[in-house]
1. When the convex hull of the Cα atoms of segment 1-44 is projected onto a plane and the area is averaged over all directions, what value comes out in nm²?
2. Starting from the alpha-carbon convex hull of segment 28-148, give the projected area averaged over all orientations, in nm².
3. With Cβ to Cβ distances under 10 Å as the rule, what net charge do the other residues near P39 carry (K, R +1; D, E -1)?
4. Leaving out same-chain residues fewer than 8 places away, which lysines sit with a Cα under 29 Å from that of K9?
5. Would you mind working out the accessible area per residue for the chain, using a 1.4 Å probe, and quoting it in Å²?
6. Once the Cα atoms of helix 14-31 and of the chain are each reduced to a long axis, what angle between those two axes, in degrees from 0 to 90 to the nearest 10, is obtained?
7. Out of residues 5 or more away from Y151 or on other chains, whose amide H comes under 5 Å of its own, with H placed 1.01 Å from N in the peptide plane?
8. Non-local amide H neighbours of C156 (under 5 Å, H modeled in plane, Pro and chain starts lacking H): which ones?
Amino acid sequence: MALDSHIEKVLWTAGEISDRVAELAAEITSDFPAASPAPVLVGVATGAFVFLADLVRQIKLPISVDFIRADSYGCGTESAGAPRLSLDLKADVRGKHVILVEDIVDTGSTLASLISHLEKKGASSVSVCAFLDKPARRKVEFQVVGSGKYYRGFECPDYFVVGYGMDFAEVYRNLPYIGVLKPELYS
């Protein structure tokens, strides 16, 4: 694949990703065995779509799914800080447990803003399931709501990564692995 030549190194292979997603799904299934009403998994568009699709297919309990979009990167490699909500939920989350599904937690600004938004919408609890966590870049600490938990796929070193739904300028989302984009392609 021509895109592979744009990658400096692969951090997690498709097989490693698949194994970790199965572990996360099993953990969520175990944590919500008799949840009523069913938890709502909210994917943060667009980066989390691949992760969300793989995750929900392996959760062995009733769930519902929705999307929310918060723009903070544009076409750059650095978060612009305060995100702008450009697509809100269709689902009513009042009184429900929400699991916010993120591709990557970087500065924490987007996540803190979305958690606050869901809390204002009346979610009884808000958990976060982040595919990648980049704590070295954290500027804003966030708190889950109520009985919510923080599920983390992998801790990501401070590289600009693409693949498995994550992009640079809307490209590379289709890579089946997580790779470090060569700096000369975005510098």
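1. Details: hull surface 19.3 nm².
If you wrap the Cα atoms of segment 1-44 in a convex hull and average its projections, you get 4.8 nm².
2. Numbers: hull surface 28.2 nm².
Convex hull of Cα atoms, orientation-averaged projection: 7.0 nm².
3. Numbers: positive: K96; negative: D31.
Surrounding charge for P39 is 0.
4. Counting by Cα, and skipping residues close in sequence, K9 has these lysines nearby: K134, K139, K182.
5. Numbers: 8650 Å² over 187 residues.
On a per-residue basis, 46 Å².
6. Computed tilt is about 10 degrees.
7. Under 5 Å from the amide H of Y151: V128, C129, A130.
8. Hits under the 5 Å cutoff: D133, K134.
The values are calculated or read from the model by the stated rules, or taken from the named source; none is laboratory data. Fair warning: this is a prediction, and the values are worked out from it, not measured in the lab. Counting neighbours? That spans all protein chains shown, and the Cβs are built from the backbone with ideal geometry, glycine included. The protein model used for the area step is the full one, side chains on, heavy atoms only, and it has no ligands, DNA or RNA in it. Shrake-Rupley method; radii C 1.70, N 1.55, O 1.52, S 1.80 Å.
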